[in-house]
1. Distance in nm between label sites at B:Ile128 and A:Leu134, each 7 Å beyond Cα in the beta-carbon direction?
2. Shortest first and in nm to one decimal, what separations exist between A:Leu195 and its copies in the other chains, measuring from label points 7 Å along the Cα-to-beta-carbon line?
3. At R0 = 41 Å, how high is the FRET efficiency between A:Ala65 and A:Thr154 if r is their beta carbon distance? Nearest 0.05 is fine.
4. So which chymotrypsin sites (Phe, Trp or Tyr not before Pro) in region B:1-91 end up in coil per DSSP with only 10 or fewer other C-beta atoms within 10 Å?
5. Using a/c under 1.5 as the rounded threshold, could you call region B:89-217 rounded, prolate or oblate? The axes a ≥ b ≥ c are square roots of the C-alpha gyration tensor eigenvalues, and prolate needs a/b larger than b/c, oblate otherwise.
6. Please work out the ratio of the alpha-carbon Rg of region B:46-103 to 2.2 N^0.38 Å and round it to two decimals.
7. Shielding of B:112-119 by partners, i.e. mean partner chain Cβ atoms within 10 Å per residue?
8. Which FRET efficiency value, to the nearest 0.05, do you get for A:Ser302 and B:Lys198 by plugging their Cβ-Cβ distance into 1/(1 + (r/R0)^6) with R0 = 25 Å?
2 protein chains.
Amino acid sequence: MSSLLVTGTIGIDSVETPHGRRPDVLGGSASYFSFAAALFTRVRLVGVVGDDFPDDYRRIYSDHAIDTAGLEVRAGAKSFRWSARYHGDMSTAETLRTDLNVLEGDSPSIPDAFRDSRFVFLANYHPIKQLEFLEQLSGPELIVADTMNLWIETARDELLATLRRVTGLVINDGEARLLTGRQNLIDAGQAILELGPKFVVIKKGEHGSMLVSPDDLFALPAFPTREVRDPTGAGDSFACGMMGYLAAGDRFDASTLRAAIARGTVVASFTIEGFSLDALRCATPDAVEQRLKRLRDVVRFS
Amino acid sequence: MSSLLVTGTIGIDSVETPHGRRPDVLGGSASYFSFAAALFTRVRLVGVVGDDFPDDYRRIYSDHAIDTAGLEVRAGAKSFRWSARYHGDMSTAETLRTDLNVLEGDSPSIPDAFRDSRFVFLANYHPIKQLEFLEQLSGPELIVADTMNLWIETARDELLATLRRVTGLVINDGEARLLTGRQNLIDAGQAILELGPKFVVIKKGEHGSMLVSPDDLFALPAFPTREVRDPTGAGDSFACGMMGYLAAGDRFDASTLRAAIARGTVVASFTIEGFSLDALRCATPDAVEQRLKRLRDVVRFS
């Protein structure tokens, strides 16, 4: 079992969906990453918050065997805040407000004890920052990155430089099309492989995901759930459910990647059944196993 | 093995996609239905064309063991024509022109020899016409219908009357949401079951399909293909690939429905790889079996 190093935002969200409204809840991509991956492996978290970050929220990480040695509390700064609203089928968030706050300052540094991490997930962030983060590590074995439209459109060269360094890319369908100019998602995936990554996982929200690599093509629907309360963090949980499983098994061959994507699929299904991290935090390895069994049955045919 | 009775439009299409332009090709929902179902069972076709309908096109049906006793050639009338253009990811057709022509007159009648048909597929059409069609039959065992936004919005009561008579409904995701007001597709499927059908198959285009019934939930991605030239008829081929398989096995229990949906998925993948019916017409049972094997592999995980 390898430890998984994750970085990303940690913050305070206010979210409204057709199922209710939750002000000032624990959020941020790295929060979803950490709790998702912690279902499978030990997690090393790197992030920064302000001194307004509630102790209660910080304690939640420790309760889940998440190593918070890399969680910096910056004095005099305020935590990152995001508020958003989801409508209709909740497929996209309408961002109402983003206060970067502490994220506008220096990136958090990686503690010495984390620099030997072999499995690394780079959250969606400016690709230059992603590279700087990598340069602090002493030779990771598996690097998987996320990215977004903003960097594809405004920092394409830097993003291409990052892509040459990563083993895998997790990206949603619209971003894959934007990055490659290819409409067919298999084409888009193949085009991304030519940019550096050894594998690409394309997220399709309620429609599931697809893995494209030189020697494999895998597609899986989303785990079927009727209890979608808040889709925030679904993609993040998916990515780090996958990464946590890979780190736990200490390998990322084609068959293990498929198994990992199935775990990510299941973990994301817990996340969306509650607001904030409420449902994900309560998920257990047993519950994951039960849903995996169900997911296998959902796609079975003779 | 039961014969499958299909009805729908038969016409002449002019289609443009990013891959080319094809004027005056064989089209119409019933054409796709017939060729898709003919891969599995004997097909009885009911439809009407004008006397401008090319003999060559008519001959294509007979070459595929499609019984055209119900194909009426109406003297003095012109055939149905549709022209459309697809852009970008080709997920929706932009209709450039629709000439109903012969479809504005009386519906074709069902030949006596077809009235004992036990498996019936009702193409998307005004629900009153769908009911009139059913009334000419002597007790079919499985009735599956298609419908569309237009009838959901303009003939809701009539559609609800039809739904009370059918065994299954094939509908796309947007239509399922419009019909039920439910955003979650499993919810939408369950809501449709309360309207009469014993099962609902929700088509999601490039994202595959989902089966909802009281005792089953099945989801499958689309068959992965990079060769998408013309998506016209994909949904029709899917529906009648499924129906053809059900009729061939003369049953529609949960396990057979799953197997049938997989066949529909594969048949649709042939359709979109060529313009008009070019690729579907060349598909063979062997080619279907090969793609089924591939589709099983695509969703396999441990």
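The values are calculated or read from the model by the stated rules, or taken from the named source; none is laboratory data. Since the structure is predicted, the reported quantities are computational estimates derived from the model, not experimental observations. Cβ coordinates were reconstructed from backbone atoms using ideal geometry, including for glycine residues, and neighbour counts include every protein chain displayed. Note: accessible area is taken over every heavy atom of the protein model, side chains too, but ligands, DNA and RNA are not part of it. Shrake-Rupley method; radii C 1.70, N 1.55, O 1.52, S 1.80 Å.
1. 6.6
2. The projected label point of A:Leu195 is separated from its counterparts by 4.2 nm.
3. 0.65
4. none
5. Verdict is oblate for region B:89-217.
6. In units of the 2.2 N^0.38 Å rule of thumb, it is 1.38.
7. Partner-chain Cβ atoms within 10 Å, mean over residues of B:112-119: 0.
8. Once rounded, the FRET efficiency stands at 0.80.
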